[in-house]
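Following: one structure in structure tokens, then a few remarks.
Please treat every number below as a calculation from the coordinates, not as lab data. Predicted model only: the values in this text are computed from it and were never measured. Reconstructed Cβ throughout: ideal geometry from the backbone, glycine too, with neighbour counts over all protein chains shown.
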Amino acid sequence: MKFGPDRSEDDTAIDLAPMIDMVFLLLIFFMVTTTFQREAEIQIDLPEAKAAAAQKQEFVIEIIIDNSGRYFVNQKRLKDGRVETLMSAIQLTMAGHPKPHVIISSDRATPYQAVVAAMDAVRQLGLNKFSLTTKQAGEAK
């Protein structure tokens, strides 16, 4: 009595359809549950070293940050280290000058947060072009 087709040992096959279904289900799961968060970006045009002397700007605002995170705007110390205070000092300094050149100078041991806060304050005021200053390795203090 024969109930089904006779299979030989050479005729074995693996059914891939369930595995493909699982791969697609995992793909859909990861696509739905993944969140893409755009990080805040600060775009900086890094200065290039050139042999010619740099052209002078009409009006310059210099923000100096010392090693303890205190801000100085054009050699005047601010009363506290808040970003709002820095922004109001920059606004008062740039009165009458629509687009001044901003230079941010900081000490080697300055907290990174203080530098980023200064760049953020400058960007919030709409001043998109600013430069960060450093000293060359052989310069004396």
### Summary
Exposure-ranked with fewest Cβ neighbours within 10 Å first, E84, E62 stand as E84, E62
### Task
Give, in nm to one decimal, the length gained when the segment between T33 and R108 is fully stretched (0.36 nm per residue of separation minus the Cα-Cα distance).
22.7 nm
### Task
Count neighbours as other Cβ atoms within 10 Å of each site's Cβ, and list the trypsin sites (Lys or Arg not before Pro) in the range 62-109 that are DSSP loop with at most 11 such neighbours.
K79, R108
### Query
What full-extension length gain, to one decimal in nm, is calculated for V23 and K129 as 0.36 nm per residue of separation minus the Cα-Cα distance?
33.3 nm
### Message
Using just the Cα positions, wrap the range 60-133 in a convex hull and report its mean projected area in square nanometres, one decimal place.
### Response
4.2 nm²
### Query
Under a 5 Å amide H to amide H cut-off, with H placed in plane at 1.01 Å, what residues pair with V102 once short-range neighbours are removed?
I61, S131
